[in-house]
Each structure stands twice: as structure tokens, then as C-alpha cells.
Amino acid sequence: MSVQQGTAHRPWVDRLLSLNGWLVFGFLYLPILILVIYSFSDSRNVGDWGGFTLKWYDRMFNNPEMMNALGNSIKVAIVSTVVATVLGTMAGIALDRYRKWRGKQAFDVILYLPVIIPEVTMGAMLLIWFTQVLPINLSIWTIILGHIAFSASFVAIVVRARLANLDDSLEEAAMDLYANRWTTFRRVTLPLILPGVLGGALLALTLSLDDVIITEFVQGPGANLLPVYVFGLIRRQVTPEINAVSTLMLAISMLLVFISLGFQVRSGMGRNKEE
Amino acid sequence: MRRLLILIAVVALLAAACSSDSDDGTTTTAASGTDETTTTAAAETGSELDAMIAACAPGQTDGDLNFYNWTEYIPYGSAAEDYEVTDLVAKFEEEYGVKIIQTFYEDNETMLAQIEAGGAPYDLIVPSDYMVSTMADPEVALLSKLNKAAIPNLVNLDPIFAGMPFDPTGDFSVPYQAGTSGLGFAYEYVDDSEGISWGLVFDPEMSEPYAGKISMLNDERETLGAALKYLGYSVNTVDQGQLDEAAALLKDANERIAAYDSAAFDDLLIAGETVVAHGWNGGFFGSFDEISTDDYDAYEDFGYAVPIEGGIIWVDLMAVPITAEHPCTAHTFINFILDAENGGELTNYTYYMSPNLAAHEYISTDILEDPSIFPSAETMAKLEFIADVGDFSLNYADAFAQAKG
């Protein structure tokens with residue numbers, strides 16, 4: 001009886017839950033959809049549909065400063081992501097593996113700092129660090145270093161979460177079979193934590209692509225990044241050109257997500273075959 | 001692991017390589033530093049830059065211009081084409097054979113932080129009025145004294161821009177573009193036939209119909225300044241009694257004010273959320289232009305005016321920071337902007353008031369004859385610049401916080 005009662009109630013709860021799911025989905029994605037639609041609108045007013053046009057894209061691609069900023073953004077995002085992913089992954093592994101080293105707890109706390117301190121503070125600190133402590137000239141490289149500084153922590157945290165669920169015996173088995181540490185890492189550990197590493201890398205990429213505050217603090221002459229440029233543009237006026245450039249950024253991000261998903265699926269399949 | 005070591009080594013080498021050629025980075029550190037050795041270093045390089053500036057001749061260039069400016073504040077590239085004005089960046093590059101490297105900021109304070117920290121060799125910046133007094137303050141001394149002999153076009157400046165409170169001698173800055181703050185309103189609800197008054201906000205009777213439909217700037221000097229103007233006082237008063245009076249007035253009006261907003265005041269007005277909005281003229285016009293189409297003229301529905309009691313005038317200025325490595329090019333560029341034709345084209349693009357009197361004949365009549373961009377002489381006389389009031393600024397902040405509740 002009780003089972004039947006349960007099933008009788010279920011569809012109602014299910015429906016509510018799925019409705020909730022759709023609402024959340026709509027809440028998250030409808031604004032993005034509208035942003036994309038209005039990037040094709042032939043009206044200066046962003047909220048006004050004025051017929052289909054590609055002129056905002058045409059204008060965007062012919063705006064040398066904006067294209068320069070887009071190029072810089074992509075350059076910074078790729079370099080900082082690669083470096084942050086390598087550093088972050090190593091930090092994550094170190095924290096998970098070497099349980100007893102001295103100062104680990106301190107390192108642990110410090111690792112979370114870039115995640116929790118306000119961006120303005122981080123930006124100001126990096127600026128002082130680059131210009132007064134090192135001191136180096138501000139340029140696109142200081143932006144890259146700044147982005148590495150905050151995104152490495154995110155990568156480390158994601159990788160650590162993945163490692164926490166990892167069965168140590170898999171690595172021990174590999175070592176039993178005379179695999180040295182490097183081989184064990186390359187053939188066993190890395191493939192197992194790859195989804196975490198890729199997830200961290202994606203996070204780093206996204207953070208880098210839309211950071212305004214830290215970038216503005218550490219930017220150097222001529223090294224304009226797109227988010228800062230767009231932010232400044234909005235101060236003056238909002239035209240669908242902003243929608244067009246946002247759509248382009250969205251397309252690039254989605255492309256990257258799909259590529260990484262593709263990698264994950266492939267590595268997942270590879271593992272299944274080996275099993 | 002070995003790869004990582006190599007990477008670290010490379011990064012370290014890069015850092016070392018960069019630091020060796022960044023003398024200016026260390027010198028600007030010194031400018032804000034307190035210990036003696038560094039201050040001497042600052043004084044030395046400061047005088048070095050001063051010597052370079054003193055030797056600049058009109059039209060002389062000494063390298064590419066590192067121009068640190070607000071986003072899209074000079075006609076360039078497709079934006080220039082769009083507005084059908086001269087591409088001033090390309091024109092300067094062609095005329096003088098040097099390049100302009102543009103970097104953008106969208107906030108005075110971040111720009112200040114970058115200049116103060118040094119490490120970026122900007123030759124020319126465009127701070128807003130109050131920021132000039134902050135940066136020219138002898139204690140920080142972030143701006144270099146200009147060589148007026150290298151800027152012959154200074155004669156083109158409108159005399160009302162001489163002796164501004166934040167740079168009385170004009171030694172550190174040259175006006176770029178200017179504008180006012182006042183009230184934007186919807187004609188449907190507000191009658192402007194006898195001029196607009198701050199009473200729309202502060203007079204209990206006059207503002208009654210607009211209760212809950214008013215927005216004010218979230219800025220103590222601007223908003224208390226409006227109340228001070230309504231009372232007939234100076235916006236730069238340091239009299240606590242007058243300030244208290246203004247704060248009490250604002251506190252009274254508080255229940256009728258829907259929002260304190262410095263970013264979206266124009267959008268709120270257009271969206272119908274407000275019918276009376278305190279804001280900067282450029283913000284209103286940008287939005288009115290945006291929603292105007294071939295069949296719809298937003299200027300028929302919305303207006304902007306400096307209230308009859310007077311208001312505040314703002315100005316953005318060009319200045320040469322102490323980080324400059326090419327001060328002569330910077331001077332030549334300032335002179336270029338002060339040229340009558342170039343100054344006209346600049347305003348045809350920005351739709352702001354031009355401080356360049358000679359440029360008026362090149363400014364399109366639509367802009368020049370619009371009293372909300374170029375106020376009448378009568379209105380001009382009632383406008384005030386916001387001056388640095390020193391420590392009294394804390395009293396403004398306190399009064400504003402309390403009035404807002």
C-alpha cells in the first residue's frame with residue numbers, strides 16, 4: 001500500500017521539480033538568448049527590434065581597437081590557462097599526496113586566499129607587487145601573470161576535489177608492477193584526474209576571459225583586453241555592437257567547452273576500453 | 001618536473017630582463033615613497049623630466065605617444081566613420097610621423113593607482129577635474145608642469161576655463177571636454193516653459209506630483225551640491241551650517257526620491273521608472289540618441305536642463321604624468337587637440353561642450369546651438385566647478401550618508 005501511495009504522489013512532485021528545473025534553465029539562458037537575438041537587430045536601441053541586420057558584426061570586425069582587444073583577450077586567456085592549469089594541478093596533487101609535510105596547512109589556507117579576497121584588493125596588491133617589489137614594466141605579461149595568480153588556485157581546488165575521490169590502491173598497483181613515479185603519474189593518476197584538470201582549466205579560461213577589475217589594475221600601454229574595453233564602452237552608450245561582441249565571446253567559450261567535452265568523452269571511452 | 005623547473009627559470013629570467021630596463025618603474029615608486037633615498041631619486045628624475053619638457057618646442061615629437069584615455073573618447077577607426085568625423089588619431093600619426101598607442105580606463109581611481117604605482121610609461125592622461133587636484137597635490141606630485149611655450153594653441157581656450165579651482169594656474173592641465181549636471185525630465189509630466197528648478201526635487205509642493213519618480217546621483221558632492229544651489233549657496237561651501245541646511249532639505253526629499261543612482265539614471269528615465277532624474281548631460285544625450293530612430297525622436301519626449309538656480313560644471317583635462325617618456329609628443333598632441341578644426345571634430349564626436357573657443361566655427365550647429373550642451377552665458381555664470389574642500393569632504397560624506405538614511 002505504502003509503495004502505491006508513494007508512486008501516486010511521485011508524478012506531482014516530479015512535475016513540480018521539472019517545472020522548477022525549466023524555470024531555472026529559462027532564468028539562466030533566456031537573457032543570453034535575447035542578447036544573441038538583439039545582436040542582429042537593426043536599431044540603435046538595444047531593446048528595440050528593428051529588423052534583421054549584420055551591421056553590428058560588420059562594425060565590430062572593422063573596429064581596430066576592439067579587434068585588438070579581442071585578440072589580446074584570447075592570447076591572455078590561453079597562456080594564463082595553460083600555465084595556471086599546470087601549476088594548479090601540481091599544487092592540488094601536492095596538497096593531496098604529501099599529507100605530512102610541514103607548513104601544509106598554511107599552504108592550504110593560502111591557496112584559498114585568491115578565491116576569497118575581493119578582486120579590487122587583489123588587483124591593487126598585484127599592481128604594487130609588479131611595479132614596486134619586482135619591479136617590472138606593466139604590459140600584457142603582467143596581465144597574464146595576474147590572471148595566473150588567481151586562476152591557479154581555482155584549478156588546484158577543483159583538482160583536489162577530484163583527487164579526494166581517487167582510490168590510492170590504483171596507484172599502488174601500478175607501482176607494484178614496477179612503474180616508476182613518473183610513469184604512474186602519466187599512465188594512471190593523470191588520466192583519472194583529467195576531468196578535474198580540464199574542469200579547472202575551463203574555469204581558469206572563463207575567469208580570464210571576463211575579468212575586468214584585476215586586468216584594469218595591471219594592464220600596460222596598448223594592452224587592452226575586451227572586458228575592460230566593453231565596460232568602458234557601456235559608460236558611453238549601449239549599442240547592439242556590445243551584443244555582437246558578447247555573442248562572439250559566447251561562441252568562442254562554447255566552442256572551447258565543446259572541445260573539452262569532446263576530450264573528456266574520448267578519454268572516458270579510452271578508459272572503458274582498457275577496463 | 002624538469003619541465004616545470006625550466007619554466008620557472010624562464011619566468012625568472014624574463015622578470016630579471018624586464019626589471020633591468022624599467023628605471024621609470026622604480027622612480028615612480030619613489031614619488032609615493034617616504035624614505036629619503038627614494039625621494040631624492042624622484043626629485044632627480046622629476047627634474048630630468050622637467051628638463052626634457054622645458055626643451056620641448058612647438059610641434060616637436062620625441063617618440064610614440066602612450067595615451068591613457070577613457071574608452072572611445074576620441075574619434076578613431078570605425079567609430080569616426082560612424083559619426084562622419086575626422087579620425088584624429090590617424091590624422092596626428094600622419095601629420096607627425098609618430099604612433100599613438102591607446103590604452104583605456106573607465107574609472108579615475110584605477111588610473112590614479114596605475115600612475116601612482118608607476119611601471120607604465122604613460123605620456124598623456126585625461127583625468128576629471130577633481131582628480132587633477134588630487135594628482136597635482138605637491139605631496140604626491142604625479143603630474144608634471146606643462147611647458148606652455150610648446151602649446152601655442154592655448155590661446156584658443158575659452159577664458160571661462162582659466163583659473164579653475166583644481167588647477168588655478170593651469171600649470172598642470174589643459175581642458176579636453178566639458179559638460180554639466182542637471183535634471184533630465186519627461187515632458188509629459190514636467191512643464192519646462194518657465195525653466196526647470198531644483199524645486200522639482202526639493203520643494204515639497206512642487207515635487208509632490210513626482211513623489212517616488214525622482215532619482216538623484218549617488219554622489220555626495222553632486223547631490224548635496226544641488227541642494228546647496230537650491231538654497232542659493234556655493235557647491236563648495238565649507239560652512240557647516242549651510243551644509244546642515246542642505247542635508248536637512250535632502251532628508252525631507254528622501255521619501256520622494258526613488259533611487260540614488262549614478263550609472264543608470266538615464267535608463268530609469270527612459271524606461272519611465274522616473275520622470276525627474278539628476279544626472280550628467282552626456283549620459284542623458286547618449287541615451288536619447290540611442291532610442292531615437294528614423295521615425296521617433298526621443299528629444300520630443302525627454303529633455304535635459306541646468307536648473308535656473310544653477311548647477312555643476314565638470315571638465316576632463318589632459319595632463320602629462322611623471323611616468324612620461326615622450327613629453328614633447330604629449331605637448332604636441334595637446335596642441336593638436338587645441339587646434340580649432342581638430343577641437344571641433346572632437347566635439348562633433350563626443351557631443352560634449354568644447355573648451356576650445358576657436359573650435360566653435362567647426363562644431364555642427366545642432367550641437368553648438370543646443371543650450372543643454374553649450375549653456376547660455378547667463379547659465380554659465382551660475383555654474384560652479386567642484387573644488388577640493390580638503391578635510392571638509394568628510395563632512396559632506398557624513399551629511400550625505402545621514403540624509404539618505
Can you tell me which residue in the stretch B:116-130 is surrounded by the most Cβ atoms within 10 Å (Cβ to Cβ), limited to those that are among the aliphatic types (A, V, I, L, M) and modelled with pLDDT of 90 or more? B:Ile125
Check off (1) assigned to a helix (DSSP H, G or I); (2) of a type in the set (Ser, Thr, Tyr); (3) within 22 Å of the chain's Cα centre (by Cα) for B:Tyr304 and give me the number that stays unchecked. (1)
Taking A:Leu16, is it over 28 Å from A:Arg59 (Cα atoms), modelled with pLDDT of 85 or more, hydrophobic (A, V, I, L, M, F, W, C) and exposed (fewer than 10 other Cβ atoms within 10 Å of the Cβ)? no
I'm told B:Leu317 meets every condition in (1) touching a Phe, Trp or Tyr at 6+ places or on another chain (Cβ under 9 Å); (2) in a helix (DSSP H, G or I) except one. Can you identify the failing condition by its number? (2)
Of the residues in the stretch B:238-272 that are without any contact (Cβ under 8 Å) to a residue 12 or more places away in the chain and assigned to a loop (DSSP other than H, G, I, E, B), the one that is farthest from B:Ala397 (Cα to Cα) is B:Ala271
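Matching residues to (1) buried (at least 21 other Cβ atoms within 10 Å of the Cβ); (2) on the phi < 0 side of the Ramachandran plot; (3) part of a helix (DSSP H, G or I):
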site	(1), (2), (3)
B:Ala324	yes, yes, no
B:Glu341	no, yes, yes
B:Gly344	yes, yes, yes
B:Ile367	no, yes, yes
B:Asn395	no, yes, yes
B:Ala399	yes, yes, yes
Take the residues in the stretch B:197-220 that are at pLDDT below 90 and not in a helix (DSSP H, G or I); name whichever of them is surrounded by the most Cβ atoms within 10 Å (Cβ to Cβ). B:Asp219
Under the condition of being surrounded by fewer than 16 Cβ atoms within 10 Å (Cβ to Cβ) and of a type in the set (Gly, Ala, Ser), which residue from the stretch A:71-126 is nearest to A:Leu145 (Cα to Cα)? A:Gly71
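Going through the stretch A:19-30 one residue at a time, which ones are closer than 30 Å to A:Lys55 by Cβ and surrounded by 10 or more Cβ atoms within 10 Å (Cβ to Cβ)?
Let us first name the residues in the stretch A:19-30 that are closer than 30 Å to A:Lys55 by Cβ, namely A:26, A:28-30.
Of everything in the stretch A:19-30, those that are closer than 30 Å to A:Lys55 by Cβ and surrounded by 10 or more Cβ atoms within 10 Å (Cβ to Cβ) turn out to be A:Gly26, A:Tyr29, A:Leu30.
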Does the stretch B:324-337 contain at least one residue that is under 19 Å from the mean Cα position of the chain (by Cα) and under 13 Å from B:Gln177 (Cα atoms)? yes
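So that you can scan it fast, the table gives a plain yes or no per residue for (1) over 30 Å from B:Glu273 (Cα atoms); (2) hydrophobic (A, V, I, L, M, F, W, C); (3) free of Cβ contacts under 8 Å to residues at least 40 places away in the same chain; (4) surrounded by fewer than 17 Cβ atoms within 10 Å (Cβ to Cβ):
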site	(1), (2), (3), (4)
B:Asn156	yes, no, no, no
B:Asp167	yes, no, no, no
B:Phe172	yes, yes, no, no
B:Tyr176	yes, no, no, no
B:Tyr187	no, no, no, yes
Contact list, first residue from the stretch A:189-215 and among the acidic types (Asp, Glu), second anywhere and assigned to a helix (DSSP H, G or I), beta-carbon distance below 6 Å, six or more apart or interchain, is A:Asp210/A:Pro227
Just to check your reading of the model, which residue among B:Ile257, B:Ile270 is in contact with a helix residue (DSSP H, G or I) (Cβ under 8 Å, 6 or more places away or on another chain) and within 14 Å of another protein chain (Cβ to nearest Cβ)? B:Ile270
Restricting attention to the stretch A:171-193, the residues that are farther than 16 Å from A:Leu95 by Cβ and in contact with a Leu (Cβ under 7 Å, 6 or more places away or on another chain) number exactly 2
Does any residue of the stretch A:154-174 turn out to be under 27 Å from A:Leu70 (Cβ atoms), in contact with a Phe, Trp or Tyr (Cβ under 7 Å, 6 or more places away or on another chain) and either buried (at least 17 other Cβ atoms within 10 Å of the Cβ) or modelled with pLDDT under 90 (or both)? no
Positions within the stretch A:115-133 being touching a helix residue (DSSP H, G or I) at 6+ places or on another chain (Cβ under 7 Å), of a type in the set (Val, Ile, Thr) and more than 7 Å from chain B (Cβ to nearest Cβ), in sequence order: A:Val115, A:Val120
Checking the conditions here, which among B:Val89, B:Val140 is in contact (Cβ under 8 Å) with a residue 40 or more places away in the chain and either in a helix (DSSP H, G or I) or surrounded by fewer than 22 Cβ atoms within 10 Å (Cβ to Cβ) (or both)? B:Val140
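The values are calculated or read from the model by the stated rules, or taken from the named source; none is laboratory data. Nothing here was measured: the structure is a model prediction, and the numbers come from that model. Counting neighbours? That spans all protein chains shown, and the Cβs are built from the backbone with ideal geometry, glycine included.
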